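Reviewing the structure listed below.
The values are calculated or read from the model by the stated rules, or taken from the named source; none is laboratory data. Treat the numbers as computed from the prediction; the structure is a model and nothing was measured. Glycine gets a Cβ as well: all are built from the backbone with ideal geometry, and neighbour counts include every protein chain shown.
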Amino acid sequence: MNRTTHTELIQLLKAEIDKRGSARALAKLIGLTEGRLGRALRGEFSLSVEKCLRVSKIAGEPPSRVLRAAGKGGIADLIEDLYAVGDDLISPSERDLLARFRVLGPKAQRTLRDLLDELPDTGSRQKRA
């Protein structure tokens, strides 16, 4: 199989290995053998759509982000098109912020979440005009 580089996916998988304590533990959660996970970490194997969705659920990352990281951007686009029902519920500036957040790496996303957790609670969301 040709070697493919999915740096963002590899970084995400490595971060999850650190959280889980071992590659074996993560592989089991994803439904892969440890050897297959190792091949993915070396860029020798691409995860299936199903395995990407499992990684998304395990890591708490948006499915589209994981799919794109695995080189499956077309599938991510299709899913977003199919489920774009809620896009009109957020403002253009909120969409921009969300798009910017999604391109951040896992560490930067955690840092931003931590920062947001420090902000005062504004109560319930106000209805937008």
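Of note:
- Count of the range 48-59 residues, restricted to those that are within 21 Å of Leu104 (Cβ to Cβ) and either more than 15 Å from the chain's Cα centre (by Cα) or surrounded by 15 or more Cβ atoms within 10 Å (Cβ to Cβ) (or both), is 6.
- Filter result for Asp81 (surrounded by fewer than 12 Cβ atoms within 10 Å (Cβ to Cβ) and either assigned by TED's automatic domain parsing to the domain that holds Leu12 or more than 20 Å from Thr7 (Cβ to Cβ) (or both)): yes
- Thr122 vs. criteria of a type in the set (Ser, Thr, Tyr) and either modelled with pLDDT under 85 or closer than 24 Å to Leu29 by Cα (or both): yes
- Every pair of residues 6+ apart whose Cβ atoms lie under 6 Å, when the first sits in the range 95-109 and is more than 13 Å from Ala15 (Cα to Cα) while the second is among the basic types (Lys, Arg) and surrounded by 13 or more Cβ atoms within 10 Å (Cβ to Cβ): Arg102/Arg65
- Criterion: farther than 20 Å from Arg24 by Cβ and in contact (Cβ under 8 Å) with a residue 12 or more places away in the chain - qualifying residue of Ile58, Ile79: Ile79
- Close pairs from the range 24-43: first in the same structural domain as Lys57 (by TED's automatic domain parsing) and surrounded by 15 or more Cβ atoms within 10 Å (Cβ to Cβ), partner at pLDDT 95 or above and of a type in the set (Lys, Arg), Cβ under 6 Å, at least 6 apart: Ile30/Lys51; Ile30/Arg54
- Enumeration of residues in the range 31-43 that are of a type in the set (D, E, K, R) and either at pLDDT below 90 or outside any loop (DSSP other than H, G, I, E, B) (or both): Glu34, Arg36, Arg39
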